[in-house]
Amino acid sequence: MLGHTLGLFIALLSLQIPAFGAADGSPLLERNDNPIYIKSDQLLTETKNHTATFSGKVTARQGDLALYADRMVVHYAAEGGNVERVECSGTVRVVQKNRTGTAGNAVYDNNQGKIVLTVRPTVHQGEDMISGSEITYYLADQKSVVTGTPSTRVEAVIHPKGKRDDPTSH
């Protein structure tokens, strides 16, 4: 059960990456049928606290999606073992095809249905980029909210599709 719900987290985290929409329009949740491969230097499970902590060069892969972090803590329910929250910290990077999201922290909250990237979050898709102080993706609404602060404003670089695709326009 932990593996399946952890796979769901990884797939859902990938939804945050295409901040401008999936490039090919394909549904990103199809990868749930693929096995999840997790590597780390250490795994600590604490039944009393209902956590599993992967630490040290954490790599989680499922299909064409890869998640990298220094530490990943999975919090699961006492009854049923469903994942309630996953916290990734350190150098967090999520890669899928031409999309890459980076942050110092990423938190998936299953109960609230959202993923929050903080600590210098940036999302790149091809040449396009968006950043701010916090990037939140609401799963049910399939919407992203990028917020800034006076010292870290929202920044976006979006290349026009027609200009990029037309080799004579350079």
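Per-residue answers, yes or no, for (1) surrounded by 13 or more Cβ atoms within 10 Å (Cβ to Cβ); (2) farther than 28 Å from residue 51 by Cβ; (3) touching a helix residue (DSSP H, G or I) at 6+ places or on another chain (Cβ under 8 Å); (4) touching a residue at least 24 places away in the same chain (Cβ under 8 Å):
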position	(1), (2), (3), (4)
68	yes, no, no, yes
96	yes, no, yes, yes
118	yes, no, no, no
131	yes, yes, no, yes
154	yes, yes, no, yes
158	no, yes, no, yes
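Assess whether residue 82 counts as being closer than 30 Å to residue 162 by Cβ, in contact (Cβ under 8 Å) with a residue 40 or more places away in the chain and either out of contact with any strand residue (DSSP E or B) (no Cβ under 8 Å at 6 or more places or on another chain) or surrounded by fewer than 18 Cβ atoms within 10 Å (Cβ to Cβ) (or both). In short, no. The selection criterion, being modelled with pLDDT of 90 or more, surrounded by fewer than 17 Cβ atoms within 10 Å (Cβ to Cβ) and in a strand (DSSP E or B), does not hold for residue 90.
Can you find a residue that is farther than 30 Å from residue 155 by Cα, of a type outside the set (Asp, Glu) and modelled with pLDDT of 80 or more anywhere in the stretch 12-35? The answer is no, given that none of the residues of the stretch 12-35 is farther than 30 Å from residue 155 by Cα, of a type outside the set (Asp, Glu) and modelled with pLDDT of 80 or more. Across the stretch 61-80, the qualifying residues are those that are within 18 Å of residue 109 (Cβ to Cβ) and under 13 Å from the mean Cα position of the chain (by Cα), and the one among them that is modelled with the lowest pLDDT is 67. The sole residue among 109, 141 that is touching a Lys or Arg at 6+ places or on another chain (Cβ under 7 Å), among the acidic types (Asp, Glu) and surrounded by fewer than 19 Cβ atoms within 10 Å (Cβ to Cβ) is 109.
In the stretch 123-165, the residue that is farthest from residue 92 (Cα to Cα) out of those that are in contact with a Phe, Trp or Tyr (Cβ under 8 Å, 6 or more places away or on another chain) and assigned to a strand (DSSP E or B) is 143.
The values are calculated or read from the model by the stated rules, or taken from the named source; none is laboratory data. Just so we're clear, the structure is a prediction, and the values are computed from it rather than from any experiment. Counting neighbours? That spans all protein chains shown, and the Cβs are built from the backbone with ideal geometry, glycine included.
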